[in-house]
1. From Pro58, Pro68, grab the single residue that is touching a residue at least 24 places away in the same chain (Cβ under 8 Å) and surrounded by fewer than 20 Cβ atoms within 10 Å (Cβ to Cβ).
2. Regarding Ala23, is this residue touching a Cys at 6+ places or on another chain (Cβ under 8 Å) and in a helix (DSSP H, G or I)?
3. Test each condition in (1) part of a loop (DSSP other than H, G, I, E, B); (2) farther than 25 Å from Glu200 by Cα; (3) not hydroxyl-bearing (Ser, Thr, Tyr) for Arg39 and report the one that comes out false.
4. Is it the case, given these coordinates, that Phe25 is more than 30 Å from Ala307 (Cα to Cα), not assigned by TED's automatic domain parsing to the domain that holds Ile304 and not small (Gly, Ala, Ser)?
5. With the condition being of a type in the set (D, E, K, R), I'd like the strands (runs of 3 or more DSSP E) fully within segment 58-143 carrying at least 2 qualifying residues.
6. So how many residues does segment 222-240 have that are buried (at least 20 other Cβ atoms within 10 Å of the Cβ) and either over 24 Å from the mean Cα position of the chain (by Cα) or more than 27 Å from Val80 (Cα to Cα) (or both)?
7. Would you check which residues across segment 251-265 are crowded, with 22+ Cβ neighbours inside 10 Å and within 23 Å of the chain's Cα centre (by Cα) and list them?
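The values are calculated or read from the model by the stated rules, or taken from the named source; none is laboratory data. Keep in mind the model is a prediction, meaning the values are calculated, not measured. We place every Cβ from the backbone using ideal geometry, glycine too, and count neighbours over all the protein chains shown.
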Amino acid sequence: MSEIVIREFQPDDIESFHALHDAVFPPVPFEEMRRWMARDDVTAGVAVEGGRIVGEIPLHSRRFVLRPGVIVRVAFEHSVCVDESMRGQGVGTRIQDAMKQFMRDRIDVLTVYRGGERSAAYNHYDKNGLTDCCYVRGWQHDAPGTVGEPLGGLLPVEGILEREEQFAATMASANEHAGGYEQRLPGFYATAFTQLEAVEMGGDFAALTVERDGRLLGHCILSLREQRPVSVMELATRGGDAAMALRLLRGACAVAAERGVAVAAELHDVGTYTPVFEALGFRPQPRGNMIMACPLDWERLANIVWAPQGELSGVRVRVWTPQEEFVAHEPGGVPSREITVELKHYQAVRWLMCRLDLRPLVAQEIATVRGARPGDVEALSRAIPFTPWEYQRIDHI
């Protein structure tokens, strides 16, 4: 048996790379795979034995909104596979370790959409330092005809792309309070409709819209596949308007009823539109997907997410975990004093991802702060504040 080499994907790997993917996942045309892997924002970690790819973790780099106004560079893992003969030998872990090195200067956080918390695949990410940052739940309506109300014709993909600025603006308005989604830069929707998982899934995309005087006030992007539930991929209304969201969802239910299928969605329990789905009779399932994350440069990420606080302007803030130790805030000049936030690894990840409120954890002695003075914990909680996330299925890889 020849030695296994772990490295970054190279263009000459494409045939073997494609063959392994299609042996594990729904097959995609070779030219689609070549197109995807040739993108500037796509790469992969691979394991090579005797010139053949025996393990691969594709990566798609994105600009991700952690909280309003705070955007970080992330790389989402997807379509991860290891040759059946190599499973259980640590190949995936070795690829993960290599990616954390060669991606370190390109991204801030390694991320993945994952489900199955009791599965071996989930445990692979967990043991490699990726931490749950949110949970989303599947919701489904099996009798959409009982609540559906036609809203007009469906806007095809071409129409969405022509109006991408308006769709992005509606998303921004709906999520002024939140993070947890990819920034809607020019080209986002074109990528979403042609990304690798979309090709694996097959089917079409289309949108329902609510407009006034030519101005887009709300939209609902749907995935349409034969004999499969209509899937709500993105729902956004100006200012998070719930009544408008209700109209759009009734329209989606009418589309599903006409096709003779159910309607499905994935939502945060405390999401802006979750009460609207519930009011229409959608039923929740056990929690499913989550976003998992692992910072690659902890101090760099802390500098990005830190919101200056007057009380801490002269204070050096260290963070200690059993696995990491770093400076979250370095004041200009000589520090007046120093405090250390002591957390578990997963808590530190969630804090830097704006998904943990430090104050109640300290009050419960789940987290500790060495050297703190009155008011410091409150200031730390404001410096990296907990932020609600609004997951959108269209972001998923």
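1. Pro68
2. On the way: touching a Cys at 6+ places or on another chain (Cβ under 8 Å): yes; in a helix (DSSP H, G or I): yes.
When the stated conditions are applied, Ala23 passes them.
3. Going through the list (1) part of a loop (DSSP other than H, G, I, E, B); (2) farther than 25 Å from Glu200 by Cα; (3) not hydroxyl-bearing (Ser, Thr, Tyr), Arg39 breaks only (2).
4. For Phe25, the condition - more than 30 Å from Ala307 (Cα to Cα), not assigned by TED's automatic domain parsing to the domain that holds Ile304 and not small (Gly, Ala, Ser) - is met.
5. 70-77, 131-141
6. Of the residues in segment 222-240, 3 are buried (at least 20 other Cβ atoms within 10 Å of the Cβ) and either over 24 Å from the mean Cα position of the chain (by Cα) or more than 27 Å from Val80 (Cα to Cα) (or both).
7. Answer for segment 251-265, where residues must be crowded, with 22+ Cβ neighbours inside 10 Å and within 23 Å of the chain's Cα centre (by Cα): Val263, Ala265.
Yes/no per residue for (1) in contact (Cβ under 8 Å) with a residue 40 or more places away in the chain; (2) touching a Lys or Arg at 6+ places or on another chain (Cβ under 9 Å); (3) outside the structural domain of Ala192 (by TED's automatic domain parsing):
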residue: Leu246; (1), (2), (3): no, no, no
residue: Val263; (1), (2), (3): yes, no, no
residue: Ala307; (1), (2), (3): yes, yes, yes
residue: Arg318; (1), (2), (3): no, yes, yes
residue: Pro335; (1), (2), (3): no, yes, yes
residue: Glu338; (1), (2), (3): no, yes, yes
residue: Lys344; (1), (2), (3): no, no, yes
